[in-house]
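Following: one structure in structure tokens, then a few remarks.
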Amino acid sequence: MAMAPFPPPPLLASHAAVRAAASRVAASRRIRVAGEDCHHHPPQVAALRRGDWVKLICGASFEDAADVRNLSLVYTLAGVDCIDCAADASVVSAVNEGIDVAASIVPEVQRPWVMVSVNDDCRDLHFRKAGI
């Protein structure tokens, strides 16, 4: 008689586990550096001073709003300081939606800065899009 296979482990943790992990990240990022006045600077500036500032780069060419929203949600929960995205209203809205959903899961999560990348030169190879 063949044994039934074990079910695979869940891919996503429970909301409680996500909240706990994100809260630990948020608390660890609040550690003060000697001489740092946390009342006058946003946490992103403190992270720059500590040398642990993190930016998610979606970039000027990545315009898949659903993917950008999901990445923004996950990286906000992970404690990212900044999210760089395309200069497209739907993409910027998707970033903000992902951040808002993260804040609804973990209210004390740090809201990252949103940076908009603009391509001012169509010949700039940095902004090329892949063709299929």
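The values are calculated or read from the model by the stated rules, or taken from the named source; none is laboratory data. Keep in mind the model is a prediction, meaning the values are calculated, not measured. For neighbour counting, all protein chains shown are included, and Cβ atoms are generated from backbone atoms with ideal geometry for every residue, glycine included.
The requirement of being among the charged types (D, E, K, R), within 10 Å of the chain's Cα centre (by Cα) and more than 23 Å from Leu48 (Cβ to Cβ) is fulfilled nowhere in segment 77-93; no residue meets it. Within segment 107-132, residues that are within 23 Å of Ser90 (Cα to Cα) reach partners that are modelled with pLDDT under 90 and basic (Lys, Arg) with beta carbons closer than 7 Å, at six or more positions or on different chains, in the pairs Gln110/Arg29. Considering only residues of segment 80-90 that are surrounded by fewer than 23 Cβ atoms within 10 Å (Cβ to Cβ) and out of contact with any Phe, Trp or Tyr (no Cβ under 8 Å at 6 or more places or on another chain), which is nearest to Trp113 (Cα to Cα)? Among residues in segment 80-90 that are surrounded by fewer than 23 Cβ atoms within 10 Å (Cβ to Cβ) and out of contact with any Phe, Trp or Tyr (no Cβ under 8 Å at 6 or more places or on another chain), the one nearest to Trp113 (Cα to Cα) is Asp84.
Contact annotation: residue pairs with Cβ atoms under 6 Å, 6 or more positions apart or on different chains, pairing a residue in segment 48-73 that is surrounded by 15 or more Cβ atoms within 10 Å (Cβ to Cβ) with a partner that is assigned to a helix (DSSP H, G or I) and acidic (Asp, Glu), are Arg69/Glu97.
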